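Q: Can you read through this structure? Questions will come right after.
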Amino acid sequence: MKDDFVGVWWLLSREDRARDGSVRIDPTLGPDAKGILTYANGRFAAQFMKRDRTTPTGAATASSGQNNTVAVGGYDAYFGTYSVDRSTGEVLHRLEGALTPENVGIEVSRTLAVDGDTLVIQLQTTTLEGEPVTRTLTWERVA
């Protein structure tokens with residue numbers, strides 16, 4: 001599995017669902033964020049941007065939600081190392097660098113599944129208000 005997701009990926013969709021199945025919109029990056037993700041040789045880098053950044057979003061978001069990072073002004077970026085638990089499909093990301101200082105050094109867990117040139121990443125997190133959600137990110141391989 002480790003080699004299946006090596007490459008460069010472009011974000012197609014990012015969706016948060018509550019336990020009852022209803023969609024929750026993340027106000028920090030909006031309903032249709034842009035993103036790029038790279039995996040290579042045990043290293044990764046990710047960038048996300050709110051598509052419409054014309055409306056001020058303030059400084060750093062006060063809370064990032066559990067198992068997640070903090071965006072600033074509708075933008076989030078971080079990089080580091082990753083390791084794969086082959087038995088569970090969980091990928092542990094260790095952040096060595098990040099847009100916000102409080103994210104440096106954290107570890108976040110993701111489940112990855114690859115089907116051809118499609119990568120689906122799922123994680124358990126919370127809304128800014130603390131409601132548990134499952135976030136699903138769907139990516140297309142571009143390199």
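Q: For region 1-45, enumerate the residues that are in a loop (DSSP other than H, G, I, E, B), among the basic types (Lys, Arg) and more than 16 Å from Ile121 (Cα to Cα).
A: Correct list: Arg19 only.
Q: Select, from Thr111, Thr100, the only residue that is over 23 Å from Glu140 (Cα atoms) and surrounded by 14 or more Cβ atoms within 10 Å (Cβ to Cβ).
A: Selected residue: Thr100, the only one of Thr111, Thr100 that is over 23 Å from Glu140 (Cα atoms) and surrounded by 14 or more Cβ atoms within 10 Å (Cβ to Cβ).
Q: Would region 11-33 turn up any residue that is closer than 19 Å to Tyr78 by Cα, more than 15 Å from the chain's Cα centre (by Cα) and β-branched (Val, Ile, Thr)?
A: Scanning region 11-33, I find no residue that is closer than 19 Å to Tyr78 by Cα, more than 15 Å from the chain's Cα centre (by Cα) and β-branched (Val, Ile, Thr), so the answer is no.
Results for (1) modelled with pLDDT under 90; (2) charged (D, E, K, R); (3) buried (at least 21 other Cβ atoms within 10 Å of the Cβ); (4) touching a Lys or Arg at 6+ places or on another chain (Cβ under 8 Å), shown as yes or no for each residue.
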| residue | (1), (2), (3), (4) |
| --- | --- |
| Asn41 | no, no, no, no |
| Ala46 | no, no, yes, no |
| Met49 | no, no, no, yes |
| Pro56 | yes, no, no, no |
| Ala62 | yes, no, no, no |
| Gly65 | yes, no, yes, no |
| Thr69 | no, no, yes, no |
| Tyr75 | no, no, no, yes |
| Tyr82 | no, no, no, yes |
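The values are calculated or read from the model by the stated rules, or taken from the named source; none is laboratory data. This one's a predicted model, so the numbers in the text were calculated from it and none came from an experiment. Cβ coordinates were reconstructed from backbone atoms using ideal geometry, including for glycine residues, and neighbour counts include every protein chain displayed.
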